[in-house]
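Notes follow once the structure below has been shown.
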Amino acid sequence: MRRKIVAGNWKMNKTFQEADELINEIIDGLDEANQKNINVVICPPFTYIELCTDYAQESEYSVGAQNVSNNDSGAYTGEVSAKMLHSMGVEYCIIGHSERRKYFKETDHELTQKAELLLKNDILPIFCCGELLPDREASKHFDVVKQQLGNALFGLDPLDFAKLIIAYEPVWAIGTGITATPDQAQEMHAYIRALISDKYGKEIAKNTSILYGGSCNAQNAKELFANADVDGGLIGGACLKATDFLKIIDSF
Ligand code: PEP
C-alpha cells in the first residue's frame, strides 16, 4: 500500500552519546506530534541500530539500515547480512545510495542481490536512484533513472517489486543545498510511476511510495511533499537535528 514516509539517513555521523541524545529528542517530538499516518524511519549507522530498535518498542518509528551485504552469510569480514538486520528488528534498508555507488562502486547486479536478500528477510528496501549534474544538463536524467530501475529492479517478480520503496535522489542535490524544484521532483516521480506501470501494471504503480531526497529541509519540505507523486522524503543533513527533522515530518 502507498504510504507517506519520512526517512532520516544519519550516514556516518554521531557518537553513541550523541545518537542517544538525538533519538530521544526525536522520540519526544514524535510523542507530541500528530503523525497523520506518516511512517517515520530512522536509519542510523549499524553500531546504533540496537539503541534505536530498543527505543522503537516504546515509540512510533521504524528502524532502517543504510546498507546490507549482497551475500547471505559466511566469510565476508566486516559485512552485515539481511538476516542479521532482521534479527535486530530492522524493517527498512537503504540500497543504491549515490554515495555507495560512487565510493564503494556498487553495481546494479549487487543491488538486485541486496533487494532480493532484504525481501527474503522481510525488510523493505528503499532503492535510491538519480542522475548526476552532467546527465541533467544533457537532458539524460530520465534515461539514467530508467536504466537504474530497469537494470537493478525490473527482473524482480511483481509480488516482490510491490514491497519496494523508491527514493529519487538527484545526485546534484545531495548535500549541496540545491534542491530539485517541486516541478522537477514531480516530473521525475510521475515518470518513475509511469515506468513502474508499464512494467508491473497500474495497481502496483499506484501503490508504490516514491520519496524525494536531496537537500530537503524544514523550509522546502512542504512544497515538495505537496506534489501528487511525492510520497515523502529521504533526508540526510536535515535529519541530524531533531527540530528540523520533526518539522519535515510535520510538513505533510
Ligand atoms: C541523502 O544523502 O540521501 C540526502 C538526501 O542527503 P541531504 O538531505 O543532505 O541532501
Q.
Just checking: which of the strands (runs of 3 or more DSSP E) contained wholly in region 1-95 hold 3 or more residues that are among the small types (Gly, Ala, Ser)?
A. 62-65
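Yes/no per residue for (1) at pLDDT below 95; (2) out of contact with any strand residue (DSSP E or B) (no Cβ under 8 Å at 6 or more places or on another chain); (3) of a type in the set (Gly, Ala, Ser):
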position: 74; (1), (2), (3): no, yes, yes
position: 77; (1), (2), (3): no, yes, no
position: 84; (1), (2), (3): no, yes, no
position: 105; (1), (2), (3): no, yes, no
position: 115; (1), (2), (3): no, no, yes
position: 123; (1), (2), (3): no, no, no
position: 133; (1), (2), (3): no, yes, no
position: 146; (1), (2), (3): no, yes, no
position: 149; (1), (2), (3): no, no, no
**Q.** Selection count, region 151-180, where residues are open to solvent by 20 Å² or more (accessible area, probe 1.4 Å), assigned to a helix (DSSP H, G or I) and touching a Phe, Trp or Tyr at 6+ places or on another chain (Cβ under 7 Å)
**A.** 1
Q) Within region 130-143, how many residues are open to solvent by less than 30 Å² (accessible area, probe 1.4 Å) and either farther than 13 Å from residue 96 by Cα or without any contact (Cβ under 8 Å) to a residue 24 or more places away in the chain (or both)? A) 1
(Q) Among (1) within 19 Å of the chain's Cα centre (by Cα); (2) away from the ligand (no atom under 16 Å from the Cβ); (3) among the aliphatic types (A, V, I, L, M); (4) surrounded by 15 or more Cβ atoms within 10 Å (Cβ to Cβ), there is one condition residue 1 misses while meeting the rest; what is its number? (A) (4)
Q) over 17 Å from the mean Cα position of the chain (by Cα), among the hydrophobic types (A, V, I, L, M, F, W, C) and modelled with pLDDT under 95, is that true of residue 30? A) yes
Q) Going by the structure shown, is residue 12 open to solvent by 70 Å² or more (accessible area, probe 1.4 Å), within 16 Å of the ligand (Cβ to nearest atom) and among the aliphatic types (A, V, I, L, M)? A) yes
Q: Determine if region 139-161 includes at least one residue that is in contact with a helix residue (DSSP H, G or I) (Cβ under 9 Å, 6 or more places away or on another chain), within 16 Å of the ligand (Cβ to nearest atom) and aromatic (Phe, Trp, Tyr).
A: no
Q) Got a sec? Which helices (runs of 4 or more DSSP H) wholly within region 192-252 have at least 2 residues that are open to solvent by less than 40 Å² (accessible area, probe 1.4 Å), within 14 Å of the ligand (Cβ to nearest atom) and modelled with pLDDT of 95 or more? A) 221-225, 242-249
**Q.** residue 60 being open to solvent by 50 Å² or more (accessible area, probe 1.4 Å) and at pLDDT 95 or above
**A.** no
Q.
Among the residues in region 81-88, are any in contact with a Pro (Cβ under 6 Å, 6 or more places away or on another chain), within 22 Å of residue 40 (Cβ to Cβ) and more than 14 Å from the ligand (Cβ to nearest atom)?
A. no
Q: Please indicate, with yes or no, whether at least one residue in region 181-190 is part of a loop (DSSP other than H, G, I, E, B), open to solvent by less than 50 Å² (accessible area, probe 1.4 Å), away from the ligand (no atom under 11 Å from the Cβ) and farther than 25 Å from residue 122 by Cα.
A: no
Q) For the subset of region 213-243 comprising residues that are under 18 Å from the mean Cα position of the chain (by Cα) and among the acidic types (Asp, Glu), which member is farthest from residue 2 (Cα to Cα)? A) 229
Q. Taking the stated definitions as given, is residue 6 within 16 Å of the ligand (Cβ to nearest atom) and crowded, with 17+ Cβ neighbours inside 10 Å?
A. yes
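The values are calculated or read from the model by the stated rules, or taken from the named source; none is laboratory data. Note that this is a predicted model, so its numbers are computed, not measured. We place every Cβ from the backbone using ideal geometry, glycine too, and count neighbours over all the protein chains shown. To get the accessible areas, we keep the full protein, side chains included, count just its heavy atoms, and leave off ligands, DNA and RNA. Shrake-Rupley method; radii C 1.70, N 1.55, O 1.52, S 1.80 Å.
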